[in-house]
Amino acid sequence: MTRPHLPRKPTRAPVTPRPTECAERRFYFKYGICNNEYQLHGDGHSGYDNLNHCCMMNDDRFSSMSECKKAANDICNEPQPIPPPPTRAPVTPSPTKCGFRDFYYVFGTCTNKVQSKFSQGYDSLEKCCWFNNKRPPYVAADNLDYDGMDVCNIDDICNPRPPTSKHFAD
């Protein structure tokens, strides 16, 4: 004898539990911090009413209440992003006055354009040229103090030389 074919009972669609609202979330001491991300249910998992209560009951693990709160994972109270500090316009140092500029021998030229913190420099154009075995351009070639020396290349921003005109053949 065969059994009659009975229709199957319809199955219900699976029900996804609604998410736990923040007001309903409890804190648990999990992974060494007070945490309300994971909600535990069942016997022995009552949790704590709030973050303060969780921190108080686990005060032996932290040096202060603020340390516990800082380490906590409170998903309902996400920290607000810290805005970047306001940017200030860069401070440009005031230029060194000409009377206080030293000369430096840079790539074969005595110049007072760049002031170096790491080099002593020379207090005059003449000393810069002299100590680098060069003759300042305003000293005559027959001056015995500078006998045989090449002319010193200079870049004096306090006393600029007029540009020289050069004629080029086409």
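Structural remarks
- Gained length - Phe118 relative to Tyr138, 0.36 nm times residue gap less alpha-carbon distance: 4.3 nm
- Residues listed by number, the range 101-139, amide nitrogen under 15 Å from Arg88 label point at 7 Å toward C-beta: none
- Proximal aspartates and glutamates to Lys117, defined as alpha-carbon separation beneath 12 angstrom and excluding residues fewer than eight positions away on the same chain: Asp102
- Here the extension length gained between Asn58 and Cys98 equals 7.5 nm, from 0.36 nm per residue of separation less the Cα-Cα distance.
- Cα-based shape type of the range 22-71, given that a ≥ b ≥ c are square roots of the gyration tensor eigenvalues and the cut on a/c is 1.5: prolate
- With 0.36 nm allotted per residue and the present C-alpha distance subtracted, the Glu24-Gln39 stretch has 4.4 nm of extension available.
- Each residue of the range 111-117 was assigned a 3J(HN,Hα) from its phi angle through the Karplus curve 6.51 cos²θ - 1.76 cosθ + 1.60 (θ = phi - 60°); the sequence is 9, 10, 5, 9, 9, 9, 7 Hz, with glycine and proline shown as x.
Only the coordinates and a few stated rules stand behind these numbers; no lab work does. None of the values given here were measured: they were computed from a predicted structure. Heads up, the Cβs are rebuilt from the backbone with ideal geometry, glycines too, and the neighbour counts pull from every protein chain shown.
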